[in-house]
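See structure below.
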Amino acid sequence: MQAIILAAGVSRRLRPLTDTIPKCLLSIGNKNLLQMTIENVLNNGINEFIFVTGYRENMIKDFVENTFPDIEKTFLTNPDFENNNNSYSLWMTKDFVKDDIILLDSDILFDEKIIKCLLESENENCLAVNSAHELDEEQIKVILDNENRILQIGKEISIPDSAGESIGIERFSTYFMKELFGILDRKIVKENNVNEFYKASFQEV
């Protein structure tokens, strides 16, 4: 099992807090978001990481190298992070995914038990949904059937029809990722569609 952590974004909405530091290195209490994320992954028995960085990437690399020197890690640089979105960052990992994965955004505050639930699920492709808070137009929402299978995912979904928000933590099989990378290849290489959230490609799969 590998963990992919996407950490290339500028996080303009949090400025001025992110003027000089990536969002994932902002601290809550005595730890930053990225440290808590990595620790949550490690506590679930996953030690191989792929990081995609961009904005102030040296700060992220230095932090990971100094704080977690013993983990197995690969750093990939999104060179045009100002103008593309996380679908491009995810697409960059296609030659490095060799196993089932846990996919995470780098700026989520969450309990490690969420990863445990995904790993213990009988479904090899699943994601975490928060159904406990009020939804708005900006969130990635999901519609489910009676067996909790995802029928639709995206920002544009009707709030009354939504089961909750996809929070940015997913477990996927190598087969799913092969299908997903095929879609991302088409969008990015053939259509030059680089400014899109990766969950739009989940919908196609």
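Which residues, counting only those in region 159-205, are under 16 Å from LEU6 (Cα atoms) and of a type in the set (Asp, Glu)? Selection gives GLU170, GLU196. For the subset of region 36-58 comprising residues that are without any contact (Cβ under 8 Å) to a residue 60 or more places away in the chain, over 15 Å from the mean Cα position of the chain (by Cα) and not in a loop (DSSP other than H, G, I, E, B), which member is surrounded by the fewest Cβ atoms within 10 Å (Cβ to Cβ)? Checking each candidate, the answer is ASN58. Can you say whether LYS61 is more than 18 Å from PHE176 (Cβ to Cβ), without any contact (Cβ under 8 Å) to a residue 24 or more places away in the chain and out of contact with any helix residue (DSSP H, G or I) (no Cβ under 9 Å at 6 or more places or on another chain), as far as the supplied structure shows? Answer is yes for this residue. Scanning region 65-92 for residues that are hydroxyl-bearing (Ser, Thr, Tyr) and either crowded, with 21+ Cβ neighbours inside 10 Å or in a loop (DSSP other than H, G, I, E, B) (or both), which turns out farthest from the chain's Cα centre (by Cα)? Filtering region 65-92 for residues that are hydroxyl-bearing (Ser, Thr, Tyr) and either crowded, with 21+ Cβ neighbours inside 10 Å or in a loop (DSSP other than H, G, I, E, B) (or both), the one farthest from the chain's Cα centre (by Cα) comes out as TYR88.
Where a number appears in this text, it was derived from the coordinates with a stated rule and is not lab data. Everything numeric in this text was worked out from a predicted model, so none of it was measured. Counting neighbours? That spans all protein chains shown, and the Cβs are built from the backbone with ideal geometry, glycine included.
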